[in-house]
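Engineer: One structure follows; several queries about it will come next.
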């Protein structure tokens, strides 16, 4: 059952409140007069976010105006279609991106498991279809090759970052990825709790998910070289062609980022090395921020504050780093969200269109240098982000809707108006399509992404639903392995020492 704890969040002043009503009215007009919408970038009068931040309890979904609820529903439905159409259904594999040539992404595939279940709850697909796709994936994973061969599907219970969509084998010489496999495991943990019935298909889903999760060898990825800077850490991955360091990538997961859930799963799986891997992860956290009152454990791109939160409900639970600073990871992500919104409002590089209602930096596609002109320089796909001026990654004016969309539960009062605004202003010009928001856009370059990217789409649909009713959290958090992992890593309820 969802815990409706009282959360402290920043809430806009009266001017921002009026702005929210204004955006809602614009959306109603947009819906009512949709047949007459013109193509191009219209403009909304800008109301800057206030620098004065007051306090309000957590805003429940039921408190939203009808226009905002209607918008979120339409965004979820459009986004869901990516995970229905951009797949290889016989294997349950999901494409990395919507391009015809795209391989499967094992992380996007893991994210798809709760997406399919949600689709059946909404009536967008049947329950039987969701079960079929889930079981097809599980059967593929169980029967695909797990070996050190360079063209296998996986090794040591983990999977390659990218797989050929048709034959399911390693693609692009990609790494055997701990974090991408971790998101697959997280999706399977959700599935084995969601499909709890006694039908043969649901029993098979649980049995298969158990087997796949149990065979993951977390200890294989421990960097055991004492001379390595990342000694005792959980390696980011492995390459069969590499002879040094047992084939492991000599770089571990450290500091604060999207990999947080890996350590919970490793601890819950009773891996031998979980504690030293976790200690190495915690060692290099960076606390700070650009704006007074928004200090947090920093990681500039927004995806680092979202992916683990797709599954883990961090509200009101504190690990040792949370207890040091008195905030949980939920509050940490809320502060990161507000930091990005204020960065957009301040817009220090004066990018066209970036403001308090048009913001959001994350890993995404970009215009590339062919759009360079008048002293402006643009880059292709990159991790973009901002935590403070000295942690400003690749800001070239490119905005990723997933940055706001995947942060809806943390700060609905700023993320939902932002999503509505960018659809109204840029949707018909190229930002909105078959699967909702394209991956990114850059008003300065007059550029819109061609593709949708699976790992950017999933946070939008899933975090909106988590905001509504805790859908993914409710099933993931009841898992015994997850509860054991949280306990072994010394997460505690409340900020008690």
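Engineer: Please verify whether residue 77 is surrounded by fewer than 18 Cβ atoms within 10 Å (Cβ to Cβ), within 28 Å of residue 411 (Cβ to Cβ) and at pLDDT 95 or above, treating the condition exactly as stated.
Structural biologist: Values: surrounded by fewer than 18 Cβ atoms within 10 Å (Cβ to Cβ): yes; within 28 Å of residue 411 (Cβ to Cβ): yes; at pLDDT 95 or above: yes.
Yes: the conditions hold for residue 77.
Engineer: Hey, another quick one. Of everything in the range 165-190, what is more than 18 Å from the chain's Cα centre (by Cα) and crowded, with 16+ Cβ neighbours inside 10 Å? Give them in sequence order.
Structural biologist: Restricting attention to the range 165-190, the residues satisfying the condition of being more than 18 Å from the chain's Cα centre (by Cα) are 165-176.
The answer is 165, 168, 169, 170, 171, 174, 175, 176.
Engineer: Let me ask another. Could you please find all residues in the range 383-400 being over 24 Å from residue 450 (Cα atoms) and surrounded by fewer than 23 Cβ atoms within 10 Å (Cβ to Cβ)? Walk me through it before giving the result.
Structural biologist: Of the range 383-400, the ones over 24 Å from residue 450 (Cα atoms) are 386-392.
388, 389, 390, 391, 392 - these are the residues of the range 383-400 that are over 24 Å from residue 450 (Cα atoms) and surrounded by fewer than 23 Cβ atoms within 10 Å (Cβ to Cβ).
Listed here are the residues, each with its yes/no results for (1) under 16 Å from residue 79 (Cα atoms); (2) more than 24 Å from the chain's Cα centre (by Cα).
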| position | (1), (2) |
| --- | --- |
| 106 | no, no |
| 111 | yes, no |
| 134 | no, no |
| 148 | no, yes |
| 155 | no, yes |
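Engineer: A further question on this structure: Give the residue that is nearest to residue 301 (Cα to Cα), with candidates limited to residues of the range 335-385 that are part of a strand (DSSP E or B) and at pLDDT below 95.
Structural biologist: So in the range 335-385, the residues part of a strand (DSSP E or B) come out as 355, 358, 363-364, 373, 376, 382-383, 385.
Of the ones still in play, those that are also at pLDDT below 95 are 373, 376.
On the way: 373: 26, 376: 21 Å.
If we take residues in the range 335-385 being part of a strand (DSSP E or B) and at pLDDT below 95, then 376 is nearest to residue 301 (Cα to Cα).
Engineer: Within the range 88-102, track down each residue that is crowded, with 19+ Cβ neighbours inside 10 Å, closer than 16 Å to residue 113 by Cβ and in contact with a helix residue (DSSP H, G or I) (Cβ under 8 Å, 6 or more places away or on another chain).
Structural biologist: Scanning the range 88-102 gives 91, 92, 93, 94, 95.
Engineer: Please indicate, with yes or no, whether at least one residue in the range 404-427 is over 28 Å from residue 314 (Cβ atoms), assigned to a strand (DSSP E or B), modelled with pLDDT of 95 or more and more than 16 Å from the chain's Cα centre (by Cα).
Structural biologist: no
Engineer: Now for a separate question. Hey, residue 140 hits all of (1) in contact with a helix residue (DSSP H, G or I) (Cβ under 6 Å, 6 or more places away or on another chain); (2) in contact (Cβ under 8 Å) with a residue 12 or more places away in the chain but one; which does it fall short on?
Structural biologist: Among (1) in contact with a helix residue (DSSP H, G or I) (Cβ under 6 Å, 6 or more places away or on another chain); (2) in contact (Cβ under 8 Å) with a residue 12 or more places away in the chain, residue 140 violates only (1).
Engineer: List the number of the failed condition for residue 115; all other conditions in (1) under 20 Å from residue 452 (Cβ atoms); (2) surrounded by fewer than 24 Cβ atoms within 10 Å (Cβ to Cβ); (3) touching a residue at least 40 places away in the same chain (Cβ under 8 Å) hold.
Structural biologist: Single failed check for residue 115: (2).
Engineer: For the range 234-263, which residues satisfy the criterion of being in a loop (DSSP other than H, G, I, E, B), touching a residue at least 40 places away in the same chain (Cβ under 8 Å) and either touching a helix residue (DSSP H, G or I) at 6+ places or on another chain (Cβ under 7 Å) or under 21 Å from residue 486 (Cβ atoms) (or both)? Please lay out each step first, then the result.
Structural biologist: So the first thing to find is which residues in the range 234-263 are in a loop (DSSP other than H, G, I, E, B), and the list is 236, 239-243, 249-251, 253-259.
Filter once more, so that each one left must be touching a residue at least 40 places away in the same chain (Cβ under 8 Å): 236, 239-241, 249, 253, 255-259.
Correct list: 236, 239, 240, 253, 255, 256, 257, 258, 259.
Engineer: What residue, of 174, 181, is within 17 Å of residue 247 (Cβ to Cβ) and part of a helix (DSSP H, G or I)?
Structural biologist: Values: 174 fails: part of a helix (DSSP H, G or I).
The match here is 181.
Engineer: So, residue 231, is that one in a loop (DSSP other than H, G, I, E, B), more than 27 Å from residue 466 (Cα to Cα), without any contact (Cβ under 8 Å) to a residue 60 or more places away in the chain and in contact with a helix residue (DSSP H, G or I) (Cβ under 7 Å, 6 or more places away or on another chain) or not?
Structural biologist: Details: in a loop (DSSP other than H, G, I, E, B): yes; more than 27 Å from residue 466 (Cα to Cα): yes; without any contact (Cβ under 8 Å) to a residue 60 or more places away in the chain: yes; in contact with a helix residue (DSSP H, G or I) (Cβ under 7 Å, 6 or more places away or on another chain): no.
No; evaluated as a whole, the condition is false for this residue.
Engineer: Can you tell me which of (1) outside any helix (DSSP H, G or I); (2) more than 23 Å from the chain's Cα centre (by Cα) is the one residue 139 doesn't meet?
Structural biologist: (1)
Engineer: Here's a follow-up. Grab the helices (runs of 4 or more DSSP H) fully contained in the range 448-497, keeping just those with 3 or more residues being within 16 Å of the chain's Cα centre (by Cα), modelled with pLDDT of 95 or more and buried (at least 23 other Cβ atoms within 10 Å of the Cβ).
Structural biologist: Ranges flagged: 454-469, 471-476.
Engineer: On to the next question. Can you pull out the residues in the range 290-327 that are more than 23 Å from residue 357 (Cβ to Cβ) and either without any contact (Cβ under 8 Å) to a residue 24 or more places away in the chain or out of contact with any helix residue (DSSP H, G or I) (no Cβ under 9 Å at 6 or more places or on another chain) (or both)?
Structural biologist: Selection gives 314, 323, 324, 326.
Engineer: Checking residue 248 against (1) touching a strand residue (DSSP E or B) at 6+ places or on another chain (Cβ under 6 Å); (2) surrounded by fewer than 16 Cβ atoms within 10 Å (Cβ to Cβ), which single condition isn't satisfied?
Structural biologist: (2)
The values are calculated or read from the model by the stated rules, or taken from the named source; none is laboratory data. The structure presented is a predicted model; accordingly, all values stated were derived computationally and were not measured. Every residue, glycine as well, gets a Cβ built from its backbone with ideal geometry; the counts of neighbours run over all protein chains shown.
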